[in-house]
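The values are calculated or read from the model by the stated rules, or taken from the named source; none is laboratory data. Predicted, not measured: the structure shown is a model, and the values here were computed from it. FYI the Cβ positions are ideal-geometry reconstructions off the backbone, even for glycines, and counts take in every protein chain you see.
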């Protein structure tokens, strides 16, 4: 920690807030929402809230959760965050089968497609790997130690993703960089062979996902960034195939009447399974933008904007399953000046199943609260309460925005200010 | 050159910049945020700025020559200048984090170009943090030689991750080096010498050069004789520790 100069005295010490996160089981058997240190899971299949079983005493996570994810087969679930703990859960029993300690705060997690390895990235740019090969069913694992796998030199890793064929692991950081590394047979010895770097973003990269179909099983990588673009990449060469300036292309700037103020960061994106649609969350947008990817022409285009009417809902996290629903959450932890310790609002958009290639015009509709699978019981579990105060959500969106820019945007100082900061450095030796 | 007569930072007899006017801290923190411009990708490195005689316009020509040697932490540029005449057909670049030192090397190269028409057109220097941004400058397999001469030893264990040679950074250097490319390291600090050797030895993409190969490589001799640091060590009768390794294909 001591190597990163902390912001002191200049910005008032804002309590670090974390955006709410959502993850859906690949077959939509359950949904998980993380707000602050709280992990909430609802079993859609059984229609009931899940109580987590964790043998370590006290709450499972003691600080904000920064990453949650289901494994590709849906048997495992991983949660990790600022408390430097990576928890691996069995989704059958929802028992924590393994807790791995990290040296630093964890910023991203990924599971290998075969479910044998869990990877997590820390805020110092190191990606670690834990093997799970002796995991059988619900039996608790012996304590596991993580091995360092690769490193982005001292840059916060924002996203971690395995390629659909499992041959590569892709990591994105706040220094505009996306690295594609060969995932070998023995990853515990480290990943040394870099396949490519995908370079082109001009701000931090916030999210990664793969678009792939049965005709294009390798797929292409899509990335969202603080430069307000979504880009399409060929990971084997690292070449940039297309760039979509989401905000201006979708005509959001004009409609909002803030033509001068562009560059709202892309905060999250997710691809619709077996399809070519990409759902994109943008920091200022009450709703989502749907992009369509033409895999043969290797281009991205705006399919439509799905706006959410009737409430101030700016999603902080998106997730999909094979069932044709897009799950979204908006919310934040530790919001100041608010009665609720943490806020979360879950919304769902339907109409993705048939829409893939043949009819992108297929109607996407925002479901009402009573139309959501699991209904009120699900919302009560995941949101914490059924009703939510509208005004708080605008404040929450603002808090998420500030937290994200504090975390990921490089601070710019004027020449004088830089001088002053140099002079007041606390690591300077005092001459006797 | 006329106005240089009044400029005290340029030596009157040689026309070269005088080092005393470019004093800088010996150390720089590679972990801190950088605020200098960085090319977004290797194709955006403007060769016409670095090698104006060889690249008269900034338009990219396909198949044009690319930089092949990188001197990481080039310091005052002694090695580059020796290599320039030894490999006149090869483009090379020095990378240095300290602003003032970079300025000095820039002036030195410009003065050498003026004093020796037609020569020193193949070397240049850039201020950058190579530990963070090396893939922004070089494509996969673009380089054939990389130099890490007398790097900052960072003795404290807590600062070991600031060392320019480490297992994880070697992954990136292996990416930039073509198969067969050579990485040269040298230091006068025994502990660091062992560290660098151990990192290279255990890395699956590098293999040590044999004694015979080292003897016939003209560059190896320059490691100690051409650099300012090397000369200083020789003057004081100090020892140096070198490790020279070749980039190899990964074994399956």
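Miscellaneous remarks
- Looking only at region A:114-124, residues that are part of a loop (DSSP other than H, G, I, E, B) and either more than 15 Å from residue A:65 (Cβ to Cβ) or in contact with a helix residue (DSSP H, G or I) (Cβ under 6 Å, 6 or more places away or on another chain) (or both) come to 4 in all.
- Of all residues in region B:134-160 being without any contact (Cβ under 8 Å) to a residue 24 or more places away in the chain and within 9 Å of chain A (Cβ to nearest Cβ), the one that is surrounded by the fewest Cβ atoms within 10 Å (Cβ to Cβ): B:158
- In region B:184-207, the residues that are away from chain A (no Cβ under 14 Å) and in a loop (DSSP other than H, G, I, E, B): B:188, B:189
- Those strands (runs of 3 or more DSSP E) of region A:23-82 in which 3 or more residues are farther than 22 Å from residue A:119 by Cβ and either over 15 Å from the mean Cα position of the chain (by Cα) or at pLDDT below 90 (or both) occupy A:38-43, A:48-50.
- Selection within region B:208-224 - surrounded by 12 or more Cβ atoms within 10 Å (Cβ to Cβ) and either in a loop (DSSP other than H, G, I, E, B) or without any contact (Cβ under 8 Å) to a residue 60 or more places away in the chain (or both): B:208, B:209, B:213, B:214, B:217, B:220, B:221, B:224
- Some residue of region B:127-148 being under 21 Å from residue B:222 (Cα atoms), under 15 Å from the mean Cα position of the chain (by Cα) and in a loop (DSSP other than H, G, I, E, B): no
- Single residue of region A:409-423 satisfying the filter (at the interface with chain B (Cβ under 10 Å from one of its Cβ atoms) and outside any helix (DSSP H, G or I)) that is surrounded by the fewest Cβ atoms within 10 Å (Cβ to Cβ): A:412
- Among the residues of region B:161-181, those identified as more than 12 Å from chain A (Cβ to nearest Cβ) and surrounded by 21 or more Cβ atoms within 10 Å (Cβ to Cβ) are B:165, B:181.
- If you filter region B:114-123 down to residues that are closer than 19 Å to residue B:69 by Cα and surrounded by fewer than 21 Cβ atoms within 10 Å (Cβ to Cβ), you find that the one that is nearest to the other protein chains (Cβ to nearest Cβ) is B:121.
- Check on residue B:27, modelled with pLDDT under 75, surrounded by 11 or more Cβ atoms within 10 Å (Cβ to Cβ) and within 14 Å of chain A (Cβ to nearest Cβ): yes
- Top-ranked residue of region A:125-151 - restricted to ones that are part of a loop (DSSP other than H, G, I, E, B) and modelled with pLDDT of 90 or more, ranked as surrounded by the most Cβ atoms within 10 Å (Cβ to Cβ): A:125
- When region B:235-247 is filtered for residues that are surrounded by fewer than 16 Cβ atoms within 10 Å (Cβ to Cβ) and either at pLDDT below 85 or in a loop (DSSP other than H, G, I, E, B) (or both), the ones remaining, listed by number, are B:236, B:237, B:238, B:239.
- Single unsatisfied condition, residue B:72 versus (1) exposed (fewer than 14 other Cβ atoms within 10 Å of the Cβ); (2) touching a residue at least 60 places away in the same chain (Cβ under 8 Å): (1)
- Test set (1) modelled with pLDDT of 85 or more; (2) part of a loop (DSSP other than H, G, I, E, B); (3) closer than 24 Å to residue A:285 by Cβ - residue A:373 fails condition number: (3)
- Criterion violated by residue B:101 - all others in (1) within 14 Å of chain A (Cβ to nearest Cβ); (2) surrounded by 21 or more Cβ atoms within 10 Å (Cβ to Cβ); (3) in contact with a helix residue (DSSP H, G or I) (Cβ under 7 Å, 6 or more places away or on another chain) satisfied: (1)
- Residue list for region A:155-166, restricted to those being within 8 Å of chain B (Cβ to nearest Cβ) and modelled with pLDDT of 95 or more: none
- Criterion applied to A:169, A:230 was being in contact with a helix residue (DSSP H, G or I) (Cβ under 9 Å, 6 or more places away or on another chain), closer than 24 Å to residue A:106 by Cα, away from chain B (no Cβ under 11 Å) and touching a residue at least 12 places away in the same chain (Cβ under 8 Å), and the one residue passing it is A:169.
- Only one of B:111, B:70 that is in contact with a strand residue (DSSP E or B) (Cβ under 8 Å, 6 or more places away or on another chain) and assigned to a strand (DSSP E or B): B:70
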